[in-house]
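First comes the structure, then the notes that go with it.
The values are calculated or read from the model by the stated rules, or taken from the named source; none is laboratory data. Keep in mind that this is a model prediction, so the values were computed, not measured. Quick reminder, even Gly has a Cβ in these numbers, built from the backbone with ideal geometry, and neighbours come from all protein chains shown. All accessible areas refer to the heavy atoms of the entire protein, side chains included, with ligands and DNA or RNA removed. Shrake-Rupley method; radii C 1.70, N 1.55, O 1.52, S 1.80 Å.
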Amino acid sequence: MKKILIIMMLSIFVFGSAKVDDLTLEYDEAMRFYKAKSFESSYEILSKLYLTKLSDSKLNFYLGRSAFETGHYEVALAAFERVDMLDSGNLRNRLEMGRTYFMLKMYEDAELAFEEVLENPNIPQNVRTNIELYLSKVTKVQQKSFTYVNASIDLLYDSNVNYGSLDSEYNINIGTLPAEDVQSDMAAQLYVDLVNIYDIGDKNGFAIKNRVDLYLKEYFDLSDYSVQYLSYNPSVLYKNTKFLGELVAGIDILKLGSLKYLSTLSLTPRVEYSHTNTLRSMGHIKYQKKDFSREEQLGLDANHYELAYSLQGILSPRSYIQVNIKGITERKKDGERVDVDYDEYRLSAIYANQFTAIYGSEFFAEYRKRDYKDYSELFSSIRGDNGGTVAATLNAKVMKYMRLHLKGYYSRVNSNQTRYSYDKYTLTAGLNIIY
């Protein structure tokens, strides 16, 4: 009798193990088809496996994506809804739900899903643009254009408002001079980003986008350093499955204190290309004409040029990393100033993670090198600066359209002309509202 029981137990164990191994092999095969974009094959396998893995959010997500790509929209929606119940903070899943609602002509549900993703500050800018395009199509069907506002209200501490030097004195060719004292202050700041986008093509993927940005920073004591900034950026976009192109024009006005400081005109062609579902390249070139207003700024007017490339990797439905390279050149229009012409190179990285449905974070690091072109008789040298910046942001959802954010920022520049060496940090706390 004991022998029979042992044989039965061994048989159950062996049979069960074999069954588990078979399921694992089938799942691995489905993933190979999915990564190769053979969605018909991955759908065929996953649509059979999911009944044994109803609580597996990853399997259901891949089933939903495979079903969407093969036109099985009802199956896709059911899979995405299961993922939403298991992992409510999954932003990518909410985006896919929005796309599926749209294909099922459930336009109000699609709009709500897209807007929920759009509310999150951790999504990268290119994903935000794609959501804007989807919303423009949704609202076009509803015979209206899509408009949303992103606003933040903050209290800020700045350790070095005036970019005071690291050293108490600096040397020039006639001797040693005292450096300007570092001045710190508190400030209140407001940022408003207003976006309107309208789809203008049924097949070609064209849209018109208008964007207005307003930024105000008012220092409590050092009011001469307060900032008032306004920009208007109209653009035309074109998007197909893998490619997005945008031509952006720009008008900017900046005031320091109560006086006009700078106005600019710019033109920026930019492109995005999706290599895979998780890897994307982005790039732009930019020309900007800078005109300064104050009499003491004579000779600062310049032509600004930049070339930039970014590579973005989606690490998970909750997180991404992006590496950016940028080259900048400025050349003065006239005059003899030695602090206008320069070449600058920047290398930066961003990592963001929405680690729960409520809490998210973003980390930023940058290295930059700026080399001026003109010899300074005063310092008996050509100026060169090396700088670095690190920043971290934590945000928490407190209401449907409202998030609390805390940000720490530190920057340091070392220059061969020590008058321009400085460090500063800022601490910011405030509310972000997207509606």
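Could you put 218, 29, 119 in order of accessible surface area, largest first, with the 1.4 Å probe and the full protein assembly present?
Descending order: 218, 29, 119.
Answer rounded, prolate or oblate for the chain, using the Cα gyration tensor with square roots of eigenvalues a ≥ b ≥ c: rounded when a/c is under 1.5, else prolate when a/b is larger than b/c, else oblate.
It is prolate, given that a/c is not under 1.5 and a/b is the larger ratio.
Please compute, for the alpha-carbon atoms of the range 239-322, the extent along each of the three principal axes and give them in descending order in Å.
Largest first, the range 239-322 extends 52, 24, 18 Å along its Cα principal axes.
Can you pull out the chymotrypsin sites (Phe, Trp or Tyr not before Pro) in the range 331-391 whose DSSP state is coil and whose Cβ has at most 15 other Cβ atoms within 10 Å?
The qualifying sites are 355.
Restricting to Cα pairs below 8 Å that are 6+ residues apart, what does the relative contact order work out to for the chain? Please round to a whole percent. Write out the running numbers ahead of the final one.
Working: 1002 pairs, mean separation 46.3, N = 435.
Once divided by the residue count of the chain, the mean separation gives 11 percent.
Only Cα pairs under 8 Å and at least 6 apart count here; give the relative contact order of the range 46-88 as a rounded whole percent. Kindly include the intermediate steps, with their values, before the conclusion.
Details: 39 pairs, mean separation 16.4, N = 43.
The value is 38 percent.
Per-residue ellipticity at 222 nm for the chain, helices alone: DSSP H runs ≥ 4 residues times -39500 (n - 2.57), over residue total, nearest 500 deg cm²/dmol? Don't skip to the end; give the middle numbers.
Values: 7 runs with 114 residues, N = 435.
Mean residue ellipticity at 222 nm (helix-derived): -8500 deg cm²/dmol.
Residue 318: accessible area at probe 1.4 Å, nearest 10 Å²?
Per-residue accessible area (residue 318): approximately 60 Å².
Using Cα-Cα distances under 8 Å and only pairs 6 or more residues apart, what relative contact order does the range 295-435 have, in percent?
Working: 337 pairs, mean separation 21.5, N = 141.
That works out to 15 percent.
Probe of 1.4 angstrom, ligands and nucleic acids ignored: what's the accessible area per residue over the range 248-403, in square angstrom?
Heavy-atom SASA per residue in the range 248-403 reads 52 Å².
According to the square roots a ≥ b ≥ c of the eigenvalues of the Cα gyration tensor, what is the shape class of the range 86-142, taking rounded for a/c under 1.5, prolate for a/b larger than b/c otherwise, and oblate for the remainder?
oblate
Can you pull out the GluC sites (Glu not before Pro) in the range 360-397 whose DSSP state is coil and whose Cβ has at most 15 other Cβ atoms within 10 Å? Intermediate values should be presented prior to the final figure.
Working: sites: 362, 366, 377; in loops: 377.
Hits after loop and neighbour filter: 377.
Of the heavy-atom accessible surface of the chain (probe 1.4 angstrom), what whole percent is carbon and sulfur? Present the calculation step by step, with values, prior to reporting the outcome.
Working: 13870 of 23060 Å².
In the chain, the share of accessible area belonging to carbon and sulfur is 60 percent.
With a probe of 1.4 Å, find how much accessible area the range 66-211 has per residue, and write the answer as a whole number in Å². Please list the in-between numbers first.
Numbers: 6480 Å² over 146 residues.
Per-residue value: 44 Å².
List the GluC sites (Glu not before Pro) in the range 264-351 that DSSP assigns to loop (not H, G, I, E or B) and whose Cβ has at most 12 other Cβ atoms within 10 Å. Which are they? Numbers along the way, then the final one.
On the way: sites: 272, 295, 296, 306, 330, 336, 344; in loops: 336.
Hits after loop and neighbour filter: 336.
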